[in-house]
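This report concerns only the one structure given below.
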Amino acid sequence: MQYRKSVNRKARLIAELLTFPTAMDFGDVSRVLELYGFELRKFAGSHAVFTGGQATLSVPTVSGRFVRAFVRIDA
């Protein structure tokens, strides 16, 4: 039962990110990125930087909510 609950939560978070991205708080966005193998490297000012494999994502935030745009930075 716990597995199903976990899968449903993941699916809900992903659906919410795709449907209403600006309504999500930073913690939920962070969880979705972690599901895809990204790790939070630093949070400075109004941006959080996540890395995963060869990709780096800079996620802008305003008052604890993330801004819809993702900026991809490839090293």
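Among residues other than Phe50 whose Cβ falls under 9 Å from its Cβ, what is the net charge (Lys/Arg +1, Asp/Glu -1)? Summing Lys/Arg as +1 and Asp/Glu as -1 gives -1. The slack between Thr22 and Leu35, meaning 0.36 nm per residue of separation minus the straight C-alpha distance, is 2.8 nm.
Starting from the 7 Å offset along Cα-to-Cβ, what nm value, one decimal, do you get for the label separation of Ala15 and Ala55? Distance between label points: 2.2 nm.
Values quoted throughout were computed directly from the atomic coordinates according to the rules given, and no laboratory measurement underlies them. Model, not experiment: these values are computed from the prediction. All Cβ positions, glycine included, derive from the backbone under ideal geometry; neighbour counts span all protein chains shown.
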